[in-house]
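Q: Below are the structure tokens for one structure; questions will follow.
The values are calculated or read from the model by the stated rules, or taken from the named source; none is laboratory data. What you are looking at is a predicted structure, and each value in this text was computed from that prediction instead of being measured. Note that each Cβ is placed from the backbone with ideal geometry, even for glycine, and that neighbours are counted across all protein chains shown.
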Amino acid sequence: MIALSRGRDRLITLAWRGEEELLSPRVRRDSELFRQFLADDFREIGRSGRRWNRDEIIAELVTEESSLTDAVLSEPEAQVIAHGIVLLSYRLQLGQQHSRHSSLWRVSENSAQCIFHQGTPASDC
């Protein structure tokens, strides 16, 4: 049972590392680096309800002027929902904007790629 727990913890750790990288300005400004963290079949439902694929979201975000350097991630939750698939959810505060996010990550032994992401505006309380 301990080995299973360690394996689960490793999957979750790799998924969180990937999520944090996707929030970093270093990755968000570099389309090739960004591409490494998003699966070919990646999909996103944005705050507006628009659906995005990998190429569309990368093209949009690498030109975005807003900075996530002051972003505050809180209320992190993680769950392994299938073999090699991790669900992450968290709250993100960027200035006065608050949102809730969910991501699905496909995780292998040493890497993780996001396959789905959704962000939803939330109240500040």
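Q: Just the residues that are exposed (fewer than 15 other Cβ atoms within 10 Å of the Cβ) and assigned to a strand (DSSP E or B), please, taken from the stretch 81-98.
A: Selection gives Ile81, Ala82, Ser89, Gln97.
Q: Right, here's the next one. Restricting attention to the stretch 56-71, which residues are at pLDDT 90 or above and closer than 18 Å to Ser103 by Cβ?
A: Residues satisfying the conditions are Glu56, Ile57, Ile58, Glu60.
Q: A follow-up question, please. Is there any pair linking a residue in the stretch 44-57 that is in a strand (DSSP E or B) to one that is charged (D, E, K, R), with Cβ under 6 Å and at least six apart or on different chains, and which?
A: Ile45/Arg51; Trp52/Glu44
Q: For residues in the stretch 71-98 being hydroxyl-bearing (Ser, Thr, Tyr) and under 13 Å from the mean Cα position of the chain (by Cα), which is nearest to Arg6 (Cα to Cα)?
A: Ser89
Q: Any residue at all in the stretch 37-47 that's at pLDDT below 95 and either surrounded by 12 or more Cβ atoms within 10 Å (Cβ to Cβ) or on the phi < 0 side of the Ramachandran plot (or both)? It would help to see each step written out before you state the result.
A: Pass one, the stretch 37-47, residues at pLDDT below 95: 46-47.
Narrowing further to those that are either surrounded by 12 or more Cβ atoms within 10 Å (Cβ to Cβ) or on the phi < 0 side of the Ramachandran plot (or both): 46-47.
The answer is yes; a qualifying residue exists.
Q: Still on this model: Of all residues being in contact (Cβ under 8 Å) with a residue 12 or more places away in the chain and outside any strand (DSSP E or B) in the stretch 99-125, which is surrounded by the most Cβ atoms within 10 Å (Cβ to Cβ)? Just the residue, please.
A: Looking at residues that are in contact (Cβ under 8 Å) with a residue 12 or more places away in the chain and outside any strand (DSSP E or B), I get Ser111.
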